[in-house]
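Below: the structure, in structure tokens.
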Amino acid sequence: MMGQVIATMSSATKSFDKQKVLDNINLELQAGKIVGIIGPSGAGKSTAIRCLMGMEKLDQGSADIFDTKMPNRKILKRIGYMGQNDALYDDLSGKENLVFFGSLMGLTGTALDRAIEKNMQLVDLLDFLNKPVKTYSGGMKRRLSLAITLLSNPDLFVLDEPTVGIDPSLRVAIWEQLRELANNNKGIIMTTHVMDEAEKCDYVGLIIEGKLFAFGSPKELEEQFKVTSIEEVFLKAEVNAK
Ligand code: ADP
Ligand code: MG
């Protein structure tokens with residue numbers, strides 16, 4: 001049975017100045033699934049994510065979430081978005097950031113406290129709750145951003161390189177949480193540089209020079225490219241694309 005479609009990009013095309021950064025991208029995400037976007041640096045992954053969110057305007061094509069053209073303020077409330085760059089208050093503590101963003105999402109009282117505890121434990125930052133964010137390492141900031149994104153209970157997560165700078169053992173725990181969210185019928189679309197993460201996605205989209213070069217389950221892509229890992233798919237596709 002097909003899951004409910006919660007996000008689509010259709011014929012999405014976008015240029016910056018004269019450079020075509022997205023070229024006719026078609027993507028679909030269903031509830032309960034994790035879609036991973038991979039591709040070389042500068043391929044257009046973040047632009048695709050930002051266009052899906054409606055943060056950048058497409059030149060052609062459309063981006064829809066929950067059957068609504070983006071951007072849409074009401075729909076934004078149903079999305080947990082994590083950009084490629086951390087948007088944190090450096091002078092505030094981790095906890096103060098969590099409380100601030102949590103209350104923006106409408107969380108208060110014990111519900112907020114519980115969500116903070118649960119998610120800071122997940123990202124292994126409980127010991128640093130009261131330390132100023134400016135004392136955090138890059139990876140710790142990433143982990144705090146992820147904890148903030150997971151605080152509320154949105155139906156869709158849009159994550160741009162959520163695990164950059166995060167150690168492999170912690171990534172395993174974070175992936176267990178992402179899979180649990182998907183099992184609870186949440187949709188997740190994420191970009192990643194980490195090929196073993198791509199392997200864990202239900203579907204992988206490979207963007208090269210703004211084009212969706214391949215899309216399918218990891219197994220389908222490996223069969224299509226006659227290789228045995230997503231890493232080899234990536235390498236072979238890069239050569240083929242030239
Ligand atoms: P990726 O996330 O795959 O590394 P990006 O989507 O960030 O790639 O960038 C794709 C291309 O678009 C790059 O060449 C980048 O320099 C360019 N680009 C991204 N954002 C802008 C912008 N706001 N103005 C001009 N060029 C941009
Ligand atoms: Mg990027």
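The values are calculated or read from the model by the stated rules, or taken from the named source; none is laboratory data. Fair warning: this is a prediction, and the values are worked out from it, not measured in the lab. Ideal geometry is used to build each Cβ from the backbone, glycine not excepted, and the neighbour counts take in all protein chains shown. The accessibility values were calculated without ligands, DNA or RNA, using every heavy atom of the protein model including side chains. Shrake-Rupley method; radii C 1.70, N 1.55, O 1.52, S 1.80 Å.
Return the residues of the range 44-84 that are away from ligand 1 (no atom under 16 Å from the Cβ) and of a type in the set (Lys, Arg); say none if nothing qualifies. Of everything in the range 44-84, those that are away from ligand 1 (no atom under 16 Å from the Cβ) and of a type in the set (Lys, Arg) turn out to be LYS69, ARG73, LYS74, LYS77, ARG78. In this structure, ILE174 qualifies as among the β-branched types (Val, Ile, Thr) and assigned to a helix (DSSP H, G or I). When the range 29-68 is filtered for residues that are of a type in the set (Gly, Ala, Ser) and over 18 Å from THR191 (Cβ atoms), the ones remaining, listed by number, are ALA31, GLY32, GLY61, SER62. Among the candidates ALA241, ALA214, ALA173, ALA198, the residue that is closer than 13 Å to GLY39 by Cβ and modelled with pLDDT under 95 is uniquely ALA241. Of everything in the range 32-43 that is more than 16 Å from PRO218 (Cβ to Cβ) and open to solvent by 10 Å² or more (accessible area, probe 1.4 Å), the residue that is farthest from ligand 2 (Cβ to nearest atom) is GLY32.
Check off (1) more than 16 Å from ligand 1 (Cβ to nearest atom); (2) open to solvent by 10 Å² or more (accessible area, probe 1.4 Å) for ASP23 and give me the number that stays unchecked. Going through the list (1) more than 16 Å from ligand 1 (Cβ to nearest atom); (2) open to solvent by 10 Å² or more (accessible area, probe 1.4 Å), ASP23 breaks only (1).
Does at least one position in the range 93-114 carry a residue that is modelled with pLDDT of 95 or more and touching a strand residue (DSSP E or B) at 6+ places or on another chain (Cβ under 6 Å)? Checking the range 93-114: at least one residue is modelled with pLDDT of 95 or more and touching a strand residue (DSSP E or B) at 6+ places or on another chain (Cβ under 6 Å). Please name all residue pairs, on different chains or six or more residues apart, with Cβ atoms under 8 Å, provided the first residue is in the range 189-200 and is touching a residue at least 40 places away in the same chain (Cβ under 8 Å) and the second residue is of a type in the set (S, T, N, Q) and more than 15 Å from ligand 1 (Cβ to nearest atom). From the range 189-200, the pairs are MET195/SER229. Can you pull out every residue in the range 1-12 that is open to solvent by 10 Å² or more (accessible area, probe 1.4 Å) and not small (Gly, Ala, Ser)? MET1, MET2, GLN4, VAL5, THR8, listed by residue number. With respect to the stated conditions, ASP127 is more than 29 Å from PHE16 (Cβ to Cβ), assigned to a helix (DSSP H, G or I) and acidic (Asp, Glu).
Number of residues in the range 197-242 that are open to solvent by 80 Å² or more (accessible area, probe 1.4 Å), more than 16 Å from ligand 1 (Cβ to nearest atom) and not basic (Lys, Arg): the value is 8.
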